[in-house]
Amino acid sequence: MKIEPTQEQDDTARKILDAAFIVHRELGAGLLESVYEVCLFDLLLSWKMDVVKQKSFPVHFMGKEIETGFRTDLVVNNQVIVEIKSVEKLMPVHDAQLMTYLRLSGINLGLLLNFNVPLLKQGIRRMVLSHSRGELGVRGV
């Protein structure tokens, strides 16, 4: 069973991508992930979006809650997780990281953004959490 994003989530994702294109156009490729994160965060805040940087999520393991289980780069409108990279090439481990974040957070829409590319559209992966055959999975869009 697919958990399709709501129209509101899709609108939020579009605004995030609009902001990411502006950041990439202004800064270009080759900087540290933290620079892109701060710039994207500031721009989204200026657009009156609800953005949390380095949001910590607990992990539940064997009946215990581990407070700082993982941190996402950005969570926007409590609806979309944004993971920022500045790498030569996105690898399967980056997809797996975002998939795990989606599954454990309960948020079903994520954007994986690699800013270290000549054209940002080459570095975008939109992922939607889905349930199929009783297993969790993510499909890239």
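What's the exposure ranking of Phe70, Phe41, going from fewest to most Cβ atoms within 10 Å?
Details: Phe70 15, Phe41 22.
Fewest-to-most Cβ neighbours within 10 Å comes out as Phe70, Phe41.
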**Item:** Choice from Leu120, Leu98, Leu45 showing the highest fluctuation, given a GNM over the chain with Cα pairs closer than 10 Å
**Value:** Leu45
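In percent, what relative contact order does the chain have, based on Cα pairs under 8 Å that are 6 or more apart in sequence? Numbers along the way, then the final one.
Numbers: 244 pairs, mean separation 34.3, N = 141.
24 percent.
Work out which helices of the chain, taken as complete DSSP H runs, extend at least 18 Å along their axis over the Cα atoms and score a mean Kyte-Doolittle of 1.0 or more, then list them.
Values: long enough: 7-27 (30 Å, -0.59); 33-46 (20 Å, 1.11); 92-105 (20 Å, 0.01).
Sorted by number, the helices that extend far enough and score high enough are 33-46.
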**Request:** Given the options Met49, Met127, Met91, state which has the largest fluctuation in a GNM of the chain using a 10 Å cut-off (strictly under) for Cα springs.
**Result:** Met91
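Read the figures in this text as sums done on the coordinates, not as results from a lab. Note that the structure is a prediction, hence the values are computed from the model and not measured. Because the Cβ atoms are built from the backbone with ideal geometry, glycine has one as well, and the counts that use them run over all protein chains shown.
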